[in-house]
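These notes concern the structure reproduced below.
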Amino acid sequence: MQPHRQATYSQWQRAPDRPTRPVQLLLAGGGHAHLGVLREWIARPPQGMETCLVSSERHALYSGMIPGWVAGAVPLERMRIDLAPLAARAGARFIRASLGAVDAANRTVVLEDGETLPFDLLSVATGGDVDTSSLAELGERLLPVRPMHDFVARWPAVRSAVRAGRGQRIVVVGGGAAGVELALAAQRALAGSTAAPVVLLTDEPRLLPGHASRAGDFARTRLERARVEIVTGYGVGTPDGVLLADGRLIPAACVIAATGPRSPRWLRGSGLALDDGGFIAVGPDFRSVSQPCVFAAGDIAGRVDNRLSHNLSRSGVHAVRAGPVLAENLRRAARRDEAPLRHYRPRRHSLYLIATADGSAILSWGRAVMEGRWANCLKSRIDRRFVQRHARLGLGVAGAAWTR
Ligand SMILES: Cc1cc2nc3c(=O)[nH]c(=O)nc-3n(C[C@H](O)[C@H](O)[C@H](O)COP(=O)(O)OP(=O)(O)OC[C@H]3O[C@@H](n4cnc5c(N)ncnc54)[C@H](O)[C@@H]3O)c2cc1C
């Protein structure tokens, strides 16, 4: 962990600059945890607080449905949540802009267009970037899965070009859930064309690391059945494709990077304590360990306390469950009362449903692994309900007035 300036919560509570006006809460990013905060604000409006949500896009895309969209099974409108009306219902101002820098000590953020926004409390849920460091040489052929809006904007043209060109291929890099799902989805999207089979490249011999080994076995069987070629090895990008450590080149028209989250550059000069991976170091209450007025949840945060009995993976599941705890802690922090902040205690096992683009899904919950069409029905129902729930909350609100 990087060195940082330590200020305790009680010092912050007693600070002389304690505002007497409404506390300015800045929610940076429309991530899952902030959807939870907005829901809580709608259900129980916060007192003595003015909230502003800044997010790079008006719509939050629901990542769990992206593979279904790639496979052609889910329309775009069904997997996006309009943040503007949701923020309006929550009494929050919405600004469509990207965060360019954070100055935690001076309590300001700078947007990419240069505007500076002050805050009393900052909560960050911007997710992470994709680690493409070894693939950068691919240039235009590289298609990182994040930012998801860029991925969604570019994929239709990639699919059309690969479908039209003879023997062209797509390489998906990453053997985790996102890589497996996207490889199967891309293969499904190219079915019936002259494109060469999709390649899934992973540097780990086991697919779906972090899940029971049976889940990886199921994934391998599904990939083989779908004729996705699985290549194990470490690859680096070249202008023509991916070069493996053994000297083999996999030519590719497009390389989809699903290589896991990387911390965004704008965090480096923020003055916030970061964990070893460069993410915002937080405790079990989502509060920055160095700045009591900063909170972070979801992929952008890294827990550095030792209260976890097991490894906490970065996933949408935890980002969603963080929402209510984060909301309560933001309320308490705004009041600066003596109530201790709540802790997020993750369940030992979380339910993961990995779609296989053939109408089935793999269910993984701790050591329990099953697969079938019923698992895909369950996944579709959970995903649909999540998006619809937020769409309904924003219904009847003219969101455009709050957007720029
Ligand atoms: C293809 C795919 C499928 C996945 N499927 C699953 C699954 O089924 N189950 C699961 O648990 N996990 C899944 N994951 C992982 C999951 O997507 C992440 O763990 C989760 O999205 C993290 O949520 P988050 O709230 O931290 O950030 P995100 O969901 O990434 O949200 C970040 C938000 O912040 C905004 N933003 C980003 N940068 C900025 C900026 N600089 N300034 C302002 N706003 C910004 C974005 O527009 C976005 O609205 C999947 C990931 C991928 C790539």
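The values are calculated or read from the model by the stated rules, or taken from the named source; none is laboratory data. Computed from a predicted model, the values in this text were never measured in an experiment. With ideal geometry, Cβ positions are generated from the backbone for all residues, glycine too; neighbour counts draw on all protein chains shown. For the accessible areas, the whole protein counts, side chains as well, though only heavy atoms, and no ligand, DNA or RNA atoms are used. Shrake-Rupley method; radii C 1.70, N 1.55, O 1.52, S 1.80 Å.
See the values below:
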{"read-out": "Stretchable slack from N306 to E224, in nm (0.36 nm times residue separation minus alpha-carbon distance)", "value": "25.5 nm"}
{"read-out": "Over the chain, volume per residue of the alpha carbon convex hull, in Å³", "value": "144 Å³"}
{"read-out": "Label-point gap, in nm, between C377 and D246 - each point 7 angstrom along Cα→Cβ", "value": "4.3 nm"}
{"read-out": "Kirkwood Rh, angstrom, segment 54-167 [1 / mean 1/r, Cα pairs]", "value": "16.7 Å"}
{"read-out": "Rough spin-label spacing in nm, given labels placed 7 Å along Cα→Cβ, for R265 and R93", "value": "2.8 nm"}
{"read-out": "Mean Cβ count within 10 Å, highest first, over the residues of peptides 252-259, 153-160, 192-199, 53-60", "value": "252-259, 53-60, 192-199, 153-160"}
{"read-out": "CD proxy at 222 nm, helix term only [per DSSP H run n ≥ 4: -39500 (n - 2.57); per residue of the chain; nearest 500]", "value": "-9000 deg cm²/dmol"}
{"read-out": "Where trypsin sites (Lys or Arg not before Pro) fall in DSSP loop in segment 220-257, at most 16 other Cβ within 10 Å", "value": "R227, R248"}
{"read-out": "Where labels lie 7 Å past Cα in the beta-carbon direction, separation of T20 and E115 in nm", "value": "2.9 nm"}
{"read-out": "Angle in degrees between helix 32-43 and the longest Cα principal axis of the chain, rounded to the nearest 10", "value": "50 degrees"}
{"read-out": "Assigned charges on the beta-carbon of Lys, Arg, Asp, Glu; the chain dipole about Cα centre (debye)", "value": "1320 debye"}
{"read-out": "On Cα atoms only, tilt of 148-164 relative to the major axis of the chain in degrees", "value": "10 degrees"}
{"read-out": "Average accessible surface area per residue within the chain, 1.4 Å rolling probe, Å²", "value": "45 Å²"}
{"read-out": "Cα-centre dipole for segment 130-260 with unit charges at Cβ (Lys and Arg positive, Asp and Glu negative), debye to 20", "value": "560 debye"}
{"read-out": "Those trypsin sites (Lys or Arg not before Pro) in segment 285-348 that DSSP places in a loop and that have at most 12 other beta carbons within 10 Å", "value": "R307, R347, R348"}
{"read-out": "Carbon + sulfur, % of accessible area of the chain - ligands and nucleic acids excluded, 1.4 Å", "value": "49 percent"}
{"read-out": "Amide N proximity, segment 216-251 versus R206 label position 7 Å along Cα-to-Cβ, cut-off under 15 Å", "value": "216-220"}
{"read-out": "Most fluctuating residue given options T20, T108, T202, as computed from a GNM of the chain linking Cα atoms under 10 Å", "value": "T20"}
{"read-out": "The chain: angle of helix 316-335 to the longest principal axis, Cα-based, in degrees nearest 10", "value": "10 degrees"}
{"read-out": "Mean projected area in nm² (Cα convex hull; one quarter of hull surface) for segment 130-260", "value": "7.3 nm²"}
